[in-house]
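Novice: This structure is in structure tokens; I'll ask about it shortly.
The values are calculated or read from the model by the stated rules, or taken from the named source; none is laboratory data. Please read these numbers as outputs of a predicted model, since none were measured by experiment. Neighbour counts run over all protein chains shown; Cβ positions are idealised from the backbone, glycine included.
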Amino acid sequence: MKTFDVKHECKACDGTGLYVGICERDGAAVVCNKCKGTGEQQTIFKYKEFEGRQQPTKKVKRVYEVNIGIVIGENEQLKLSDFGGMPFADWNDGKPFPKKSENREYTCPAQWYQSVDYDKKPRWKDEERRCIGIGSFSNCEFFNQKDGCWGKWDEEYD
């Protein structure tokens, strides 16, 4: 374990040693409780030097670029691959996420790319496939037909 120790100006009182808040009025001040009136703070940062990416402590089978807020797991009807992603071994070997590895079953392109790569988030305004953009994606009139949105997205980004 390594340590980095630095003395710096107190952020709470801007180095004055005195604090003036909403209750101190008409020239009143109190001794800063962060630096005890010295105007100086000391921060000690303890860290372990990076020696390469570590292996996960829990058994990981599959890796996803992001989770947009749904439970990802297996049961009698679902497999981890139903949520997209890639095998852990491939990710660990440094392979890129393959095409169509998004969670296409449960998300639309706008919802997915809002978190993964905002520049690729669709902003369609045409009548055929209009995109609501941000908000409650499941309220979009096309959410139940999101395979069409993914098809259009594939045409634009493949």
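Novice: Scan the range 86-107 and tell me whether some residue there is touching a Leu at 6+ places or on another chain (Cβ under 8 Å) and either small (G, A, S) or at pLDDT 95 or above (or both).
Specialist: No, the range 86-107 has no match at all.
Table: residues versus (1) touching a helix residue (DSSP H, G or I) at 6+ places or on another chain (Cβ under 8 Å); (2) outside the structural domain of G94 (by TED's automatic domain parsing); (3) among the small types (G, A, S).
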{"residue": "V31", "(1), (2), (3)": "no, yes, no"}
{"residue": "K34", "(1), (2), (3)": "no, yes, no"}
{"residue": "G39", "(1), (2), (3)": "no, yes, yes"}
{"residue": "V66", "(1), (2), (3)": "yes, no, no"}
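Novice: Quick check on the range 70-105: of everything there that is surrounded by 11 or more Cβ atoms within 10 Å (Cβ to Cβ) and among the acidic types (D, E), which residue is farthest from F137 (Cα to Cα)?
Specialist: In this case the residue turns out to be D90.
Novice: Another question, if that's okay. Restricting to the range 124-149, name every residue that is modelled with pLDDT of 80 or more and among the acidic types (D, E).
Specialist: Of everything in the range 124-149, those that are modelled with pLDDT of 80 or more and among the acidic types (D, E) turn out to be E141, D147.
Per-residue answers, yes or no, for (1) closer than 30 Å to K95 by Cα; (2) loosely packed, with under 10 Cβ neighbours inside 10 Å:
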position: Y19; (1), (2): no, no
position: C23; (1), (2): no, yes
position: A29; (1), (2): no, no
position: G37; (1), (2): no, no
position: E40; (1), (2): no, no
position: F45; (1), (2): no, yes
position: G52; (1), (2): yes, yes
position: K61; (1), (2): yes, no
position: Y64; (1), (2): yes, no
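Novice: Any residue in the range 38-45 that is over 30 Å from the mean Cα position of the chain (by Cα) and in a loop (DSSP other than H, G, I, E, B)? Lay out the reasoning, then the answer.
Specialist: Quick first cut of the range 38-45, residues over 30 Å from the mean Cα position of the chain (by Cα) only: 38-42.
Going one step further and asking which of them are in a loop (DSSP other than H, G, I, E, B), we end up with 38-39.
Yes, the conditions are met somewhere in the range 38-45.
Novice: Here's a follow-up. Going by the conditions given, is A12 part of a loop (DSSP other than H, G, I, E, B), at negative phi, surrounded by 10 or more Cβ atoms within 10 Å (Cβ to Cβ) and under 35 Å from the mean Cα position of the chain (by Cα)?
Specialist: Values: part of a loop (DSSP other than H, G, I, E, B): yes; at negative phi: yes; surrounded by 10 or more Cβ atoms within 10 Å (Cβ to Cβ): yes; under 35 Å from the mean Cα position of the chain (by Cα): yes.
In short, yes.
Novice: Also, I was wondering about something else. Taking helices (runs of 4 or more DSSP H) that fall entirely within the range 70-158, which contain at least 3 residues that are more than 30 Å from G52 (Cα to Cα)?
Specialist: On the way: elements: 88-92, 109-116, 146-157.
Helices (runs of 4 or more DSSP H) meeting the threshold: 109-116, 146-157.
Novice: Restricting to the range 46-65, name every residue that is closer than 22 Å to E102 by Cα and among the aromatic types (F, W, Y).
Specialist: Let us first name the residues in the range 46-65 that are closer than 22 Å to E102 by Cα, namely 59-65.
Matches in the range 46-65: Y64 only.
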